[in-house]
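Notes for the one structure printed next.
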Amino acid sequence: MNWDLPSPYTYDIEVQASDIDGMGHANNACYVLWCEACAWKHSEELGLSVSDYQALDRGVAIHKASYEYFLPSFEGERLIAGTWLTACDNKLRLERRFQVLNSETGDTVLRGHWQLICVALSSGKACRLPQEFIQVYGGAVIDN
């Protein structure tokens with residue numbers, strides 16, 4: 001596969017009939033949900049789950065998201081979502097990048113970028129990253 005960055009965490013997707021919109025291809029909103037699922041699976045593999053977020057009263061929330069759609073996807077096609085953590089300022093912010101490839105052709109279907117901030121779950125207000133996040137997420141940041 002022709003990944004933009006080395007060693008992505010990957011998440012397999014099969015486009016379902018329910019993903020298809022009136023234009024005959026996977027709806028753009030599906031890609032957003034697939035990226036979210038990929039990010040959560042990556043976080044869980046790194047060792048931080050929703051229950052960890054709840055126990056710490058901290059989470060990372062999307063502050064800004066951008067997606068570039070390059071090719072449509074159709075029912076039955078298999079895609080691979082790849083993600084990387086690309087920045088952690090050890091204070092408040094993380095960055096995550098995505099690339100979705102068609103498994104058969106290797107073509108890039110989508111690229112995405114999230115800027116995330118740490119928030120207190122109890123208030124929704126921005127706050128410093130807890131040490132656990134800095135260790136886990138900061139330790140997984142790759143050079144880009």
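The values are calculated or read from the model by the stated rules, or taken from the named source; none is laboratory data. Since the structure is predicted, the reported quantities are computational estimates derived from the model, not experimental observations. FYI the Cβ positions are ideal-geometry reconstructions off the backbone, even for glycines, and counts take in every protein chain you see.
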Within segment 40-53, the residues that are closer than 16 Å to residue 129 by Cβ and either in contact with an Asp or Glu (Cβ under 6 Å, 6 or more places away or on another chain) or in a helix (DSSP H, G or I) (or both) are 43, 46, 52, 53
The condition of being over 21 Å from residue 10 (Cβ atoms) and either modelled with pLDDT of 95 or more or among the charged types (D, E, K, R) (or both) holds, among 46, 33, 56, 94, only for 56
In segment 41-58, is there at least one residue being in contact with a strand residue (DSSP E or B) (Cβ under 6 Å, 6 or more places away or on another chain), surrounded by fewer than 20 Cβ atoms within 10 Å (Cβ to Cβ) and in contact (Cβ under 8 Å) with a residue 40 or more places away in the chain? yes
Per the list (1) outside any helix (DSSP H, G or I); (2) over 30 Å from residue 134 (Cβ atoms); (3) under 17 Å from the mean Cα position of the chain (by Cα), residue check on residue 67 breaks on (2)
Would you say residue 75 is surrounded by 12 or more Cβ atoms within 10 Å (Cβ to Cβ) and part of a loop (DSSP other than H, G, I, E, B)? yes
Search segment 1-30 for residues being of a type in the set (A, V, I, L, M, F, W, C) and surrounded by 11 or more Cβ atoms within 10 Å (Cβ to Cβ), and hand back the single one that is modelled with the lowest pLDDT. 1
Here the qualifying pairs (Cβ atoms under 6 Å; residues six or more apart or on different chains; first in segment 10-31 and farther than 21 Å from residue 65 by Cβ and assigned to a helix (DSSP H, G or I); second modelled with pLDDT of 95 or more and charged (D, E, K, R)) come out as 17/75
Can you tell me how many residues in segment 122-144 are over 26 Å from residue 68 (Cβ atoms) and either within 14 Å of the chain's Cα centre (by Cα) or exposed (fewer than 13 other Cβ atoms within 10 Å of the Cβ) (or both)? 6
